[in-house]
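Note sheet for the following structure.
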Amino acid sequence: MTGTTNSTVPTGSTANRTVYRTCPLCEATCGLEITVGPGEQVVRIRGDRDDVFSHGFICPKGSTLKQLHEDPDRLRRPLVRRNGEHVEVSWEEAWDAVAAGLGRVIERHGRGALAVYGGNPGAHNLGSMLYNSVVYRSMGSHNKFSASTVDQIPKHVAGGYMFGTPQSIPVPDIDHTDYLVLLGANPYESNGSLCTAPDFPGRIQGVRARGGKVVTIDPRRTKTADNSDQWIAVKPGTDGLLLAAVLNVLFTEGLARPEARLAQITDGIDDLRAAVETHTPESVEHATGVSASVIRTLAREIAAAPTAAVYGRIGVNAVEFGTLNAWLIDAINMVTGNLDRRGGAMFTTPATGSATTRGQAGKGKGFTIGRGHSRVSKKPEAMGEYPVAVLAEEITTPGEGQVRGFICLSGNPVMSTPHAKQLDAALDSLEFMVSVDIYLNETSRHADVILPAPTALQKEHYDVGLYAYAVRNVANFSERVFPLEDGQPDEWEILVKLGAILQGLDATTEPQVIDDAMLRQSIGAAVATAGSPVHGRDADEIFDILSADGRSGPARQIDLMLQTGPYGAGFGANPGGLSLQVLLDNPHGVDLGALEPRLPEAMRTTDGRINLAPPLFLAEMERLAGKKHEMENAGVLLVGRRDLKSNNSWMHNLRILTKGSLSCTLHVHPDDAAGLGVATGSVVRVTSRVGSVDVTAEVTDSVRPGVVSLPHGWGHNVPGTRMAVAAEKAGVNSNILTDDRTLDPLSGNAALNAIPVTLQAL
């Protein structure tokens with residue numbers, strides 16, 4: 001494992017230097033080749049053709065890290081709100097304000113009055129991934145929320161109950177499959193999600209080039225659908241009925257053939273068969289909008305293919321039956337013999353380890369939800385957090401435990417969570433709020449203190465979370481492109497300092513002290529764990545090895561995780577294994593090989609068996625059946641959409657990504673447009689139970705009749721923000737329309753799709 005290192009040049013050099021790093025903007029983890037000029041400015045960004053995973057692929061967002069770094073609206077110093085205005089202050093003043101504000105809330109109301117929200121960018125930042133937990137643990141409150149409950153948590157809950165841990169999410173072995181089914185996923189415009197696959201479009205075309213077939217199931221004819229062999233235009237929110245009907249065909253036609261080795265460790269096959277018995281293709285075709293013949297053919301083709309993988313993402317997760325959908329997808333992969341096999345749906349072996357690689361192989365503690373419930377509406381906890389849809393009521397409803405202090409970590413929930421106006425108003429009523437963010441945006445404008453993290457080009461990077469769902473086992477560590485400015489704290493230092501203040505420590509506490517303590521705790525756990533490559537070793541010795549080169553923060557933690565992971569060097573125990581130094585010596589990454597079957601070793605259920613029919617999910621099947629009539633008679637339904645140049649709400653301030661026509665339009669089918677008397681360019685009022693927006697229509701047959709579509713993340717016309725470019729093309733916030741009362745009851749995930757709306761031409 002040797003290679004060329006990132007080149008560096010002395011300050012003042014007249015030569016260019018080249019730096020290789022992983023793009024942190026989405027889950028694709030593409031390698032970048034960044035040329036830095038003698039003035040220490042980015043000259044060029046292009047795909048790294050030697051990257052072991054992405055092979056030179058780059059999307060439009062990845063090339064804009066220069067613009068993001070140089071954005072004049074990006075915050076470079078902390079802001080404190082004084083007399084209703086945000087003013088720049090020193091870091092010392094900011095920390096004093098944070099300590100005073102949080103201290104007042106705790107003194108007046110107790111720690112139960114604090115809440116925290118972690119945003120989506122945290123999953124793409126090494127500092128956040130490893131150190132957000134310091135804030136969570138130090139807060140002393142159960143009020144934890146994140147972007148997971150408007151996104152991915154249904155997959156975690158489904159995987160947890162079936163396989164034992166919420167990290168047990170199989171990914172499609174897209175590079176080897178013969179038949180790929182995509183539900184509610186549009187990787188041509190959003191790349192993969194909980195399926196890390198750089199150049200996902202190219203991999204889709206690879207399936208077709210091998211003679212395989214790609215089927216996209218979506219209410220919209222997306223760019224992915226256009227590049228598939230078949231588009232099935234399902235009605236929004238009815239995916240569970242469609243999937244149940246596919247299983248019905250598999251069972252009734254004798255096509256359910258689980259792999260023998262997995263059938264021996266699987267419970268619930270007969271219960272699953274009984275649960276889908278009444279869901280014949282004929283019984284669901286009116287509700288789903290998909291003919292019985294198409295459903296039968298789909299089931300038969302999945303079963304007949306040499307290998308097949310069914311993959312569903314946010315379009316089938318962010319609905320009322322999100323967890324049910326995730327479960328049924330895994331069930332189809334299982335009963336067709338495509339789970340845990342090459343070309344099917346497989347489990348990864350990430351280099352830094354995961355819940356499926358640690359502890360006793362094949363058995364574990366299992367998984368459950370509902371260990372606690374939210375104060376107001378009693379929504380169950382899942383993965384240690386409550387649905388973000390209930391955050392507003394937790395702030396505005398009086399009583400013991402009312403949230404009065406709020407910490408927002410790299411998120412913009414006013415733009416990304418349901419009933420946005422309600423949350424916007426709620427945040428304004430807080431006694432104190434602190435936000436870690438690089439922009440004064442729609443959410444951080446409410447903060448009393450804003451703490452700006454460095455940009456992506458100023459951070460070390462390793463995709464701890466994303467490599468856990470990669471379609472190939474790889475590892476890559478990125479050095480900083482630019483150093484931190486004088487006095488500028490790293491992101492992990494900001495988080496550790498917040499944690500220290502929450503613990504009641506002095507605002508002058510050095511982050512290094514807490515970081516050292518955290519590292520010693522991690523080492524202690526490793527040396528005490530039977531089966532660990534460092535079991536029984538001297539903890540002080542390992543600490544000294546990790547600290548020998550003067551590094552601190554995430555780099556030491558990553559080195560420990562790599563060395564004690566499945567491919568690790570074990571601090572000398574396995575001389576050919578992985579370590580941080582190996583990755584530094586290989587700036588294009590290290591390829592650890594294709595996915596391999598991992599069951600039953602990767603199981604972490606209490607009995608070491610696959611639970612194919614958890615009682616909670618069977619009860620959801622009954623609830624789904626009870627909703628079929630309502631689905632059959634649904635009116636106009638709103639769904640979201642993604643754009644290749646857009647990343648939620650936080651990259652709309654880059655002019656290079658917002659050139660051209662406005663992306664925030666309402667897609668309306670020609671038949672629906674004719675009935676309304678509207679044309680492209682007309683203004684339409686869209687109204688749901690909770691709100692109304694006026695938006696420009698775009699008439700297109702890319703949506704099925706009865707479906708309208710708005711993109712996510714727009715609505716930048718809010719006073720008190722500093723995002724000049726975004727404000728020029730503000731668009732409308734689709735989450736003014738989404739309903740905080742419509743949730744997936746198992747995971748708490750918000751239903752951001754299949755929203756009943758009415759339309760009015762203006």
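The values are calculated or read from the model by the stated rules, or taken from the named source; none is laboratory data. All figures in this text were calculated on a predicted structure; none of them were measured in a lab. Note that we place each Cβ from the backbone using ideal geometry, even for glycine, and neighbour counts take in every protein chain shown.
Within the stretch 176-201, which residues are over 14 Å from the mean Cα position of the chain (by Cα) and hydroxyl-bearing (Ser, Thr, Tyr)? If the condition is that a residue be over 14 Å from the mean Cα position of the chain (by Cα) and hydroxyl-bearing (Ser, Thr, Tyr), then THR177, TYR179, TYR188 are the ones that fit.
Do you know which residues across the stretch 66-108 are in a loop (DSSP other than H, G, I, E, B) and over 31 Å from the mean Cα position of the chain (by Cα)? Selection gives ASN83, GLY84, VAL89, SER90. The conditions of being out of contact with any helix residue (DSSP H, G or I) (no Cβ under 8 Å at 6 or more places or on another chain) and charged (D, E, K, R) are not met by ASP515. When the criteria are applied in full, ILE545 fails the requirement of being within 30 Å of GLY405 (Cβ to Cβ), out of contact with any Ser or Thr (no Cβ under 9 Å at 6 or more places or on another chain) and surrounded by 16 or more Cβ atoms within 10 Å (Cβ to Cβ). Determine if the stretch 238-252 includes at least one residue that is buried (at least 22 other Cβ atoms within 10 Å of the Cβ), within 24 Å of ASP340 (Cβ to Cβ), assigned by TED's automatic domain parsing to the domain that holds MET334 and among the small types (Gly, Ala, Ser). Yes, the conditions are met somewhere in the stretch 238-252.
The rows are residues; the columns are (1) at positive phi; (2) touching a residue at least 40 places away in the same chain (Cβ under 8 Å); (3) aliphatic (A, V, I, L, M).
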residue: ASP330; (1), (2), (3): no, yes, no
residue: THR348; (1), (2), (3): no, yes, no
residue: GLY366; (1), (2), (3): yes, yes, no
residue: THR397; (1), (2), (3): no, no, no
residue: VAL403; (1), (2), (3): no, yes, yes
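Of all residues in the stretch 81-102, those that are among the hydrophobic types (A, V, I, L, M, F, W, C) and more than 20 Å from ARG722 (Cβ to Cβ) total 5. Of the set (1) part of a helix (DSSP H, G or I); (2) at pLDDT 95 or above, all apply to SER63 but (2).
Within the stretch 126-152, the residues that satisfy the criterion of being of a type outside the set (Val, Ile, Thr) and farther than 27 Å from GLY101 by Cα are LEU126, SER148, ASP151, GLN152. Say whether the condition of being under 22 Å from PRO719 (Cα atoms), touching a residue at least 24 places away in the same chain (Cβ under 8 Å) and touching a Leu at 6+ places or on another chain (Cβ under 6 Å) is met by at least one residue in the stretch 109-120. The answer is no; no qualifying residue exists. Within the stretch 207-231, which residues are surrounded by 23 or more Cβ atoms within 10 Å (Cβ to Cβ), touching a residue at least 40 places away in the same chain (Cβ under 8 Å) and either more than 24 Å from the chain's Cα centre (by Cα) or not assigned by TED's automatic domain parsing to the domain that holds THR336 (or both)? Across the stretch 207-231, the qualifying residue is only SER228. Would you check which residues across the stretch 33-52 are within 11 Å of HIS588 (Cβ to Cβ) and in contact (Cβ under 8 Å) with a residue 24 or more places away in the chain and list them? ASP48, ASP50, ASP51, VAL52, listed by residue number.
Just one of (1) surrounded by fewer than 17 Cβ atoms within 10 Å (Cβ to Cβ); (2) at pLDDT 95 or above; (3) small (Gly, Ala, Ser) trips up ALA555, so point out which. Just one mismatch for ALA555, condition (1).
Summed over the stretch 710-734, the residues that are touching a Leu at 6+ places or on another chain (Cβ under 7 Å) and crowded, with 24+ Cβ neighbours inside 10 Å give a count of 2. Just one of the listed residues (ALA420, ALA361, ALA382, ALA392) is surrounded by fewer than 24 Cβ atoms within 10 Å (Cβ to Cβ), out of contact with any strand residue (DSSP E or B) (no Cβ under 9 Å at 6 or more places or on another chain) and either at pLDDT below 95 or among the small types (Gly, Ala, Ser) (or both), and it is ALA361. Among the candidates THR288, THR266, THR224, the residue that is hydroxyl-bearing (Ser, Thr, Tyr) and over 24 Å from LEU638 (Cα atoms) is uniquely THR266.
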